[in-house]
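Worksheet: one structure, shown below.
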Amino acid sequence: MTSIIDFSDEPRYTIKSVSVQTGIRPVTLRAWERRHDLLTPHRSDNRYRLYSERDVAILRWIKSRVDGGISISNAVTELRHMTRSGIWPDAVPTAPSRILTQPKASPETYTHWLYDALINHNEEKATELMRELHASYDLMTIFVRILSPTLIAIGEAWFRGEIRITTEHYASNFLRGKLMALLQAYPSRRSAPYIQLGCAPTEMHELGSLMMAVLLRSEGYRIEYLGPDLPIEDLVDYASYEFPDMIVLTASTEVSAYEMRRLKEKLDVIHPTPTLAYAGSAFDQNLKTQQMVPGIYLGESFEDALETIHNLIKIKEVA
Ligand code: B12
């Protein structure tokens with residue numbers, strides 16, 4: 001954990017930028033400064049407030065206390081007591097900054113560029129493209145309109161014998177690494193609804209479920225990503241100790257979907273019972289596999305799945 005004192009006190013950010021970064025409105029920032037003597041931001045030559053990284057970290061900490069139900073005056077007093085005795089609180093973990101810049105190219109063009117970089121094993125270029133994508137597009141666009149088509153194109157090229165298996169492995173491992181880094185960049189909140197997510201037994205295609213894990217964590221859920229080829233008995237045993245609100249498994253083949261057919265009855269023995277949901281191409285437009293696996297089919301698209309998960313969690317919270 002980084003302490004707030006470790007952040008730079010160099011004046012950098014305008015009140016508007018701080019408002020975007022912290023989610024606190026400029027009017028509230030000024031009121032907290034005036035009424036509670038919270039922060040004395042540096043003033044630029046034209047008298048604009050300029051806040052430092054440390055100021056932003058302090059504001060995030062204060063906001064997390066206020067969001068947790070403490071009054072603003074008590075939160076400020078608490079901070080003052082701590083800092084007077086030389087103790088600075090730990091910085092509140094934050095999601096990566098998502099102020100998007102104008103994209104250099106369309107998602108389709110980026111798909112071509114990324115495909116080229118990956119099949120040429122050009123890691124530097126692929127990394128640069130991923131950085132640009134992250135700066136210009138939201139996660140859903142990156143996953144649905146760029147990474148998925150890139151992977152499909154790679155699969156087709158491999159199927160036609162145009163690229164070697166090694167290249168397909170290189171590309172999918174590169175993207176897996178980037179997705180894991182993204183997942184870990186978002187804070188995992190212990191108090192949020194808890195979802196375990198991974199792949200059915202024998203299933204090695206994990207990138208769809210990893211994308212779903214990133215999307216869910218970016219929305220504030222507590223996500224534990226469990227990876228490919230999960231053994232059912234052990235998963236159930238783990239759930240009986242950890243009590244997740246929901247388990248989401250994906251499968252792309254009937255063989256792996258078949259392995260899930262008794263999962264729900266095993267989970268039903270646990271109280272409170274985790275909701276079982278599933279997705280993946282084994283179930284898409286395939287009523288037979290959907291009927292074979294008891295649980296909730298999340299649909300083909302990430303958007304639909306997110307909405308269904310929100311609704312299922314809401315129902316659980318009310319119950
Ligand atoms: C990368 C890859 C692999 C990697 C996976 C690495 C990894 N860490 O995930 C490895 C090398 C392990 C692999 C292995 C195999 N693969 Co493969 N693989 C691919 C490839 C190139 C990309 C898959 C991918 O990640 N796509 C991107 C994700 C996002 O898309 P998706 O998985 O299709 O999921 C879509 C939906 O189902 C949905 N979705 C997926 N997950 C989730 C989750 C949620 C919650 C929701 C809502 C939606 C959702 O969203 C996605 C976008 O629409 C595809 C090519 C292709 N056309 O997709 C072949 C492909 C899937 N593989 C194929 C095959 C044949 C195999 C092997 C059998 C090869 C072999 N002989 O060993 C093995 C099987 C391993 C196993 N038991 O699972 C075939 C499948 C053919 C078929 N339909 O049966 C494909 C289509 C290649 C081809 N053109 O023939 N593969």
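Points worth noting:
- Failed criterion for ASP229 (all others in (1) at negative phi; (2) touching a strand residue (DSSP E or B) at 6+ places or on another chain (Cβ under 8 Å) hold): (1)
- Complete set of residues in the stretch 237-258 that are open to solvent by less than 40 Å² (accessible area, probe 1.4 Å), more than 12 Å from the ligand (Cβ to nearest atom) and under 21 Å from the mean Cα position of the chain (by Cα): PRO244
- Filtering the stretch 216-230 to residues that are modelled with pLDDT of 95 or more and open to solvent by 10 Å² or more (accessible area, probe 1.4 Å) leaves GLU224, TYR225, LEU226, PRO228, ASP229, LEU230.
- ALA305 meets the conditions (1) assigned to a helix (DSSP H, G or I); (2) within 13 Å of the ligand (Cβ to nearest atom); (3) surrounded by fewer than 14 Cβ atoms within 10 Å (Cβ to Cβ) in every case but one. The failed one is (3).
- The residues in the stretch 263-285 that are open to solvent by less than 60 Å² (accessible area, probe 1.4 Å) and under 17 Å from ALA200 (Cα atoms) can be counted, and the count is 12.
- Among the conditions (1) open to solvent by less than 30 Å² (accessible area, probe 1.4 Å); (2) within 10 Å of the ligand (Cβ to nearest atom); (3) aliphatic (A, V, I, L, M), LEU183 misses just one, which is (2).
- Some residue of the stretch 117-128 being touching a residue at least 24 places away in the same chain (Cβ under 8 Å), more than 10 Å from the ligand (Cβ to nearest atom) and among the charged types (D, E, K, R): yes
- Which numbered condition ARG190 fails, given (1) among the basic types (Lys, Arg); (2) under 11 Å from the mean Cα position of the chain (by Cα); (3) at pLDDT below 90: (2)
- Of the residues making up the stretch 132-171, those that are surrounded by 18 or more Cβ atoms within 10 Å (Cβ to Cβ), closer than 19 Å to PRO107 by Cα and within 8 Å of the ligand (Cβ to nearest atom) are PHE143, LEU147, LEU151, ILE154, ALA171.
The values are calculated or read from the model by the stated rules, or taken from the named source; none is laboratory data. Being a predicted model, the structure only gives us computed values, none of them experimental. Cβ sites come from the backbone with ideal geometry, for glycine too, and all protein chains shown count toward neighbours. When the accessible area is computed, the model is the full protein with side chains, heavy atoms only, and any ligands, DNA or RNA have been set aside. Shrake-Rupley method; radii C 1.70, N 1.55, O 1.52, S 1.80 Å.
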